[in-house]
Amino acid sequence: MHEYALADAVIAAVRETARSQRMSRVLQVEVRIGQLQSIRPATFENALTAVRPASDALVSSTEFSVVTVPVRLRCRPCNREYAPDLDTEADEHATEAIHFVPELAHAYLRCPHCDSPDFDIVDGRGVTLGRIEGEIDT
Amino acid sequence: MHEYALADAVIAAVRETARSQRMSRVLQVEVRIGQLQSIRPATFENALTAVRPASDALVSSTEFSVVTVPVRLRCRPCNREYAPDLDTEADEHATEAIHFVPELAHAYLRCPHCDSPDFDIVDGRGVTLGRIEGEIDT
Amino acid sequence: MIDPRAAIIGERLAGVRRIVAVTGGKGGIGKSLVSCLFATVAAERGLRTGLFDLDLTSPTDHVILGAPMGFPSEEHGIDPAMCDGVRLMSIAMFSGSTPAPLRGAALTGALLELLAITRWGELDLLVLDMPPGLGDTALDAMRYLPRCEYLVVSTPSIVVRETVRRMVQLLGERHASILGLVENFQSGDVAPSHELAAEFQLRWLPGVPYDKSLEAAIGDVAGLRRTDAAKAVGRIVDELG
Amino acid sequence: MIDPRAAIIGERLAGVRRIVAVTGGKGGIGKSLVSCLFATVAAERGLRTGLFDLDLTSPTDHVILGAPMGFPSEEHGIDPAMCDGVRLMSIAMFSGSTPAPLRGAALTGALLELLAITRWGELDLLVLDMPPGLGDTALDAMRYLPRCEYLVVSTPSIVVRETVRRMVQLLGERHASILGLVENFQSGDVAPSHELAAEFQLRWLPGVPYDKSLEAAIGDVAGLRRTDAAKAVGRIVDELG
Ligand SMILES: Nc1ncnc2c1ncn2[C@@H]1O[C@H](COP(=O)(O)OP(=O)(O)O)[C@@H](O)[C@H]1O
Ligand SMILES: Nc1ncnc2c1ncn2[C@@H]1O[C@H](COP(=O)(O)OP(=O)(O)O)[C@@H](O)[C@H]1O
Ligand SMILES: [Mg+2]
Ligand SMILES: [Mg+2]
Ligand SMILES: [Mg+2]
Ligand SMILES: [Mg+2]
Ligand code: NI
Ligand code: NI
Ligand SMILES: [Zn+2]
Ligand SMILES: [Zn+2]
C-alpha cells in the first residue's frame, strides 16, 4: 500500500495551497490519478481520509473526488498519439513496476505504430490535484 | 551569416508541409524568430528570398512575414517568468554564443529573482514557422 | 493542476541528519564506487546509512554491492532494500536489468516519485550517487534537495578535470555546500587535481588509489571493505566526521 | 508552429558517406578517446573525416585533440574546426569552458540546431561521440540520424558491462546497425566483454589496451597517433574498412 505515501503528498500539497490562499477550511478537492499508476479511486480515497490529520480543521472534513485519467502517450518519432492497454500490453511485473514509477512505461511500453520507447506521457501519468475549493479566511 | 543555413531549413520545411497539404503554390508564410537568436527580421527575409530555389514554383513567389518574438523564460526553482535583456545581461561573447545555440542561454543567463540557470524557455528561442497559406492542388 | 509530490519531500527526509551527494559531472570517475564504499564504511562505523542511486538510466550500486533487486516491501510507502547495513534505493528494484530510456522530463518525474514514496526513516547519513553530466538530475538535486552537501570526485586525468571543473563552478555559483575534493584512481605521488581544489578553495580530502583488487570484490561487501580503496574512503569518512 | 530544423538534416548530411556513433551507455569507458583516435586514424588513412562531440554538457574531444576553441567561421552555415585533418564540431566552440547545465529538452534543441547549421561538406566518415546514459541524445540520434552505425565500447569491468548491456539491448530492439563491440582498458589475456558480444551476436573487434602513455599525449594529435591505443584503434578502422 504505497498509496498511503502518495496520499500524504496530496494532503501536504492541499494544506500548502490552502494556506497560501488563506483558506480556513478546504471543502472539496479534485484528485486525478493517471491510469498508468493502476491505483483504484476508492482505495486512494480511503488512503486520503486515513492519512489526513484529524486535528487539522483545514482538511479534517474535506471531501475528495478521485477520478482516473486515461493514459495518452504521444510517440516522438512518428508523432502519433495512442492509449496503451496495460492489461494486454504489460505483464504483471511491468504493471507493478509502472505502478511504483510511472516513467518505467519507457521500459515496457512501445508505440503500436513504430515500436518506439520514445514517447511523451501526454496525460494519465500519476497523482495530481485539480480544483481545490474552500472557505476563505476573513 | 549562418542565417542562410536556418533559411534553408525554413524553405525545406515549407516545401515539405506544402507538399503534404497538396499545395501547388505557397502564397504566404509567417516566420517567427526568437529574440534569443538575435537575428534581424530584414536580414532573415533577405536570406529566405536568396536561398529559395527560383526553379520551384511552389515557393518562388512566396511572401514571408518575419517577426521577432520576445523572449520569455520561466524559472523552475522560483516559478517566476522573466524577460532577460541581452543588451545589458549578456556580453558580446555570450550574445554571439546564444545566437548560434540559443540553449546556451543556460550558460550565460540567470533568474533575476533567485539567480538560477534552471529555466524553461517559454517563448522566443529560435526560428519557427507559423501560418502557411497557399493554393491547393485540384 | 498541482503536482503534490514536492510538498512531501521535506517530511520524507526529516529523519535524515545529513545528505551527501557524490558528484563530479563526468562518468567513469568512480562516483558509484566511492558512493558505495562511503556508505558501507559509514554503516560499519555504526552510522545509520542510506544510499540512493540517482543514475536512473544506468544504475550500478546494486551491482557493486551485490544487492539482489526485487520489488520493495510497501507499507505506507516503500522501504529501501537492506544490504549489509546499508539501506539502498535503486530504480533497478523495479526494472531490474531492463533498459529504460528516460528523457529529461522522465528523469525528473521518476526522481520526484521515488523521493515522495521512499521511507528512509531515521538516518545519520544518506548518500546520493549522482549521474554524469550537468543535466536534469543535477538541477533537480539543487532544486529539491537544497540541504545536500557535495563530495566532488575527480581523477588525475586532464580530460576528467576539465569536466569536473564545470561542475564545481556550477555548484559554487549556486552556493552549494561542497565538502571537498576526492581524487580517485591515484597512482604514484602526483595529485594533479590538487590544482583544481586550490583554484576553488575546496578541502583536499584523502585520495583513493587505483586499486586492481577492486574488480574481484565487486558484488561482495565484505570483500570490498577489505580493499585499499575502502580504507582510503574510510579516511575520508573519518575526516568529514 | 512548425520547427523547421529537422527538415534540413538530411541535406546537411547528404555528403557524408558513413556515420559511426561511438556509444556504450556508460561514462568513462573511453567513448571520447576511442572517438578521437578513430577519427584521427581515419584521417591519417586519407579518409575525409568529421567528429561531432555529442556530450553537450561535458564535451571533451577538443581537450583530447588539443583543438583551440573559438567561434566557427560562418558562411551559409558554420564550419567545423579543422584539427590535424579532422573536422571537429563541439559546443565548446561557443561556450568554451563555461558550464552549461542543459535539461533534456535543451539537449534536443541544441543538437537540432547544430545539425541544422553545420556544414560538414563531403566526408567519408563522420564520428559521433555519444554521451553516457540512455537519455535524450541517445533517443534523438535514433530518431534524427537513423543512418547511424553504432560502435559499442565496453571494458573488462562487470560494473560497466551491466550498463553497456542495456544500451546494446535497446539498440538491438530498435534494429540499429551495430558495427561491433570494442573492449577498452584491456590488460592481460582475459576479455570479459566477449560474453556480451556472443550473447548479442556482435562482431568482436580488436580491443584497446589500457595504455598509460595516453595521458601524456592528451592534447597532442601526433603524440596520440604514436600510442599503443591508437595502433589498436587503427586495427579497428582497418577491420571495418
Ligand atoms: N579506485 C579505483 N580503482 C580501480 N577501479 C576503480 C576505482 N574506482 C572506480 N573503479 C572502477 O572504474 C569503473 C567506473 O567506476 P564507477 O564508480 O562506475 O564510476 P561513475 O559512477 O563515476 O561512472 C568501474 O568499473 C569501477 O569498478
Ligand atoms: N585505453 C585507455 N588507456 C588509458 N586511459 C584511457 C584509455 N581509454 C580512455 N582512457 C582515459 O579514461 C578516461 C575516460 O575516457 P573518456 O574517453 O573520457 O570516456 P567517456 O567518453 O566514455 O566518458 C580519460 O581520462 C581517458 O583519457
Ligand atoms: Mg522515452
Ligand atoms: Mg537549465
Ligand atoms: Mg555511477
Ligand atoms: Mg565522453
Ligand atoms: Ni502500491
Ligand atoms: Ni550568424
Ligand atoms: Zn511511433
Ligand atoms: Zn528564479
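Bear in mind that the values in this text are calculations on the coordinates, not laboratory data. These numbers were taken from a predicted model, which means no experiment stands behind them. Virtual Cβ from ideal backbone geometry, glycine too; neighbours counted across all protein chains shown.
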### Query
Once you list every other residue whose beta carbon is under 13 Å from the beta carbon of C:Ala232, what net charge do they have if Lys and Arg are +1 and Asp and Glu are -1?
-1
### Query
Which chain A residue hugs the A-B rotation axis most tightly by its Cβ, and what is that distance in angstrom, to the nearest whole number?
A:Asp120, 7
## Note on the structure
Across D:29-40, the residue-averaged tally of Cβ atoms belonging to other chains within 10 Å stands at 1
### Query
For B:Ala50, which inter-copy label distances result when the label point lies 7 Å beyond Cα on the Cα-to-Cβ vector, reported in nm to one decimal and in ascending order?
7.0
### Query
Just counting partner chain Cβ atoms within 10 Å, what average do the residues of peptide C:137-143 show around their Cβ?
4
### Query
Placing +1 at every Lys and Arg Cβ and -1 at every Asp and Glu Cβ, with all other atoms neutral, what dipole size does chain C have around its Cα centre, in debye to the nearest 20?
280
### Task
Can you grab the distance from the C-alpha centre of the range B:77-137 to the C-alpha centre of the range D:169-241, Å, no decimals?
40
### Task
Take the cross-link list C:Lys26/C:Lys212; D:Lys31/D:Lys231; D:Lys26/D:Lys212; C:Lys26/D:Lys231 and give me the ones stretching past 23 Å between alpha-carbons.
C:Lys26/D:Lys231
## Note on the structure
So, in nm and shortest first, the distances from D:Glu173 to its counterparts in the other copies, with label points 7 Å along Cα→Cβ, work out as 3.6
### Task
Would you kindly work out, in nm and rounded to one decimal, the distances from the label point of C:Ala198 to those of the same position in each other copy, ordered shortest first, with label points 7 Å along Cα-to-Cβ?
5.1
### Summary
For D:Ser193, the residues 5 or more places away or on another chain with a placed amide H closer than 5 Å to its own amide H are none
### Query
Amide H of C:Leu123: which non-local residues (sequence gap of 5 or more, or other chain) have their own amide H closer than 5 Å, using H built in the peptide plane?
C:Val16, C:Arg17
#### Entry: For a label point 7 Å along the Cα-to-beta-carbon line of B:Glu96, residues of the range D:55-74 with backbone N under 11 Å
D:70-74
### Task
Take every DSSP beta bridge whose two residues both sit in chain C, then give the antiparallel share in percent to the nearest 5.
15
### Query
Can you give the % of DSSP beta bridges in the range C:1-110 that are antiparallel, to the nearest 5?
50
### Query
Across the residues of C:54-61, average count of Cβ atoms on other protein chains within 10 Å?
6
### Message
Can you give me the C-alpha center-to-center distance between the range B:25-60 and the range D:62-118, rounded to a whole angstrom?
### Response
25
### Message
Taking 8 Å as the Cα distance limit and 6 or more residues as the minimum spacing, I'd like the relative contact order of the range B:1-70 as a percentage.
### Response
45
### Task
Using only Cα atoms, figure out Rg for the range C:108-241 and give it as a multiple of 2.2 N^0.38 Å.
1.13
#### Entry: Using θ = phi - 60° and Karplus 6.51 cos²θ - 1.76 cosθ + 1.60, couplings along the range B:59-73 (whole Hz; Gly, Pro as x)
10, 5, 10, 5, 9, 10, 10, 9, 10, 8, 9, x, 7, 9, 10
### Message
Residue by residue through the range A:10-25, what is 3J(HN,Hα) from phi via Karplus (6.51 cos²θ - 1.76 cosθ + 1.60, θ = phi - 60°)? Round to whole Hz and write x for glycine and proline.
### Response
4, 4, 4, 5, 5, 4, 4, 5, 4, 5, 5, 9, 6, 7, 9, 8
